[in-house]
């Protein structure tokens, strides 16, 4: 499977988050999965890439060209494949289209944006892929509260809460079981991923 992992690029976050993500992604690599991610070299993006490689998995980074040109953030230097896009929208589209499942690790506004975009697409039946919200150290309690309040106040449908699953760092096996049971199989490989 191609698994898209979203998460922070910050190098200032607590090491606990980094260790948990690296451990999860090593297990996914050992199971033969491929990482699709935002190509960052630091934070949880870097941890995901290191974990997949340590487990023998392949790594595909997707990043807008201006990140490289303007040196926005450190990029992962050891990806098997890097796809440069014209902008952020194309970056998200390529990751969404080529992924079989999504894991949302802790992150900032970019990660929130990515989570809500894939969730919206799933609600609109544009995909039916597993979305796992990885609630490390309770990081996503506030997002859960926001979602539940939205449903309670009728701003979103109650069944929207069923479109994703929440797991904490003690539920890694359950998270993996969830994403490895997608409703539809996808046979893309890193070599087949291309700009569209």
Worksheet item: Looking at 83, 94, 13, 3, which is the one that is closer than 17 Å to residue 112 by Cα and in contact (Cβ under 8 Å) with a residue 40 or more places away in the chain?
Response: 13
Practice prompt. Would you check if there is a residue in region 98-109 being surrounded by fewer than 19 Cβ atoms within 10 Å (Cβ to Cβ), in contact with a strand residue (DSSP E or B) (Cβ under 9 Å, 6 or more places away or on another chain) and in a helix (DSSP H, G or I)?
Written response: no
Worksheet item: Restricting attention to region 147-170, which residues are surrounded by 13 or more Cβ atoms within 10 Å (Cβ to Cβ) and free of Cβ contacts under 8 Å to residues at least 40 places away in the same chain?
Response: 147, 148, 150, 151, 156, 161, 165, 166, 167, 168
Worksheet item: Going through region 2-12 one residue at a time, which ones are surrounded by 20 or more Cβ atoms within 10 Å (Cβ to Cβ) and more than 17 Å from residue 77 (Cβ to Cβ)?
Response: 2, 3, 4, 5, 6, 7, 8
Worksheet item: Can you tell me which residues in region 28-40 are under 21 Å from residue 111 (Cα atoms) and assigned to a loop (DSSP other than H, G, I, E, B)?
Response: 38, 39
Discussion item. Of all residues being part of a helix (DSSP H, G or I) and under 14 Å from the mean Cα position of the chain (by Cα) in region 44-67, which is surrounded by the fewest Cβ atoms within 10 Å (Cβ to Cβ)? Just the residue, please.
Written reply: 46
Discussion item. Within 19 Å of residue 129 (Cα to Cα) and either surrounded by fewer than 17 Cβ atoms within 10 Å (Cβ to Cβ) or in contact with a strand residue (DSSP E or B) (Cβ under 6 Å, 6 or more places away or on another chain) (or both): which single residue out of 83, 36 fits that description?
Written reply: 36
Discussion item. For region 117-126, check the following and say yes or no: at least one residue is modelled with pLDDT under 95, within 28 Å of residue 168 (Cβ to Cβ), in contact with a strand residue (DSSP E or B) (Cβ under 9 Å, 6 or more places away or on another chain) and surrounded by fewer than 19 Cβ atoms within 10 Å (Cβ to Cβ).
Written reply: yes
Item to complete: Would you mention how many residues in region 2-27 are within 13 Å of the chain's Cα centre (by Cα) and either assigned to a loop (DSSP other than H, G, I, E, B) or under 17 Å from residue 177 (Cα atoms) (or both)?
Response: 10
Worksheet entry | Hits in region 68-80 (condition: touching a strand residue (DSSP E or B) at 6+ places or on another chain (Cβ under 6 Å) and buried (at least 20 other Cβ atoms within 10 Å of the Cβ)) | 76, 79
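The values are calculated or read from the model by the stated rules, or taken from the named source; none is laboratory data. Treat the numbers as computed from the prediction; the structure is a model and nothing was measured. When we count neighbours, we look across all protein chains shown, and the Cβ atoms used for this are built from the backbone with ideal geometry, even at glycine.
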